[in-house]
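The values are calculated or read from the model by the stated rules, or taken from the named source; none is laboratory data. Bear in mind that the values here come from a model prediction, so they are computed numbers and not experimental data. FYI the Cβ positions are ideal-geometry reconstructions off the backbone, even for glycines, and counts take in every protein chain you see. Each accessible area value is taken on the protein alone, full model and side chains, heavy atoms only, with ligands, DNA and RNA left out. Shrake-Rupley method; radii C 1.70, N 1.55, O 1.52, S 1.80 Å.
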Amino acid sequence: MNNGSTTTNLSFVTRFFHWLIALAMIGMLIFGFLLDDFKEYSGLHKSIGAIIFVVATCRILWRIKEGWPTPVNMGVPQWNLTLAKVTHWILILLTVLLPLSGMCMSVAAGRGLNVFGAEIFASNIVDGKAVALNPSLAGFAHDMHETLPVVLIIMLVLHIVGALYHHVVLKDRTLSRMMGH
């Protein structure tokens, strides 16, 4: 089913979700890399991450409802179409897995989860220190939250190179329709 996105146009909602999540994820990548130097902002990082998780989930539900957009240029080789689809799916999964791993890490480590002051999961504080609820899950989530940004950067580069390839080399409307032109 495709409710608004065609080979020539993408729906406003599709474009809105794409650019909102893209900018939010890139911003959070930068924020996350700087966080070691600015630990006092970890609560802000968690709050924004939780909101990104909700918005990314809405984006996925929209994608399911609207269907996958038809490629603009059907003349490209099958491997190109497959690579594009795999890259898109990995990017979409990363938009939920990265914030989810961060939330799991915080909650499982006993630090709880607050979103701009609203307590979503309570901290597990004993004698002034956070006590892990599930050390194994906290460790796994931490490892994922450290590894997934690298995967995201690789996929973002591949995605941007692909968009530029369509725009500059193939001179098709792939990038133009994502820009709303």
message: For segment 83-118, which positions are open to solvent by less than 20 Å² (accessible area, probe 1.4 Å) and assigned to a strand (DSSP E or B)?
response: Leu113
statement: Sole miss for Met25 among (1) modelled with pLDDT under 95; (2) under 30 Å from Val72 (Cβ atoms); (3) open to solvent by less than 80 Å² (accessible area, probe 1.4 Å) is condition (1)
- prompt: Name the residues in segment 165-181 that are free of Cβ contacts under 8 Å to residues at least 24 places away in the same chain, surrounded by 12 or more Cβ atoms within 10 Å (Cβ to Cβ) and more than 14 Å from His18 (Cβ to Cβ), would you?
  reply: Tyr165, His167
- prompt: Under 7 Å by Cβ, and 6 or more places apart or on different chains, what pairs join a residue from segment 42-63 that is at positive phi and at pLDDT 95 or above with one that is in a helix (DSSP H, G or I) and open to solvent by 50 Å² or more (accessible area, probe 1.4 Å)?
  reply: none
field: Residues satisfying the stated conditions in segment 59-82, i.e. open to solvent by less than 60 Å² (accessible area, probe 1.4 Å) and of a type in the set (A, V, I, L, M, F, W, C)
entry: Ile60, Trp62, Val72, Val76, Leu81
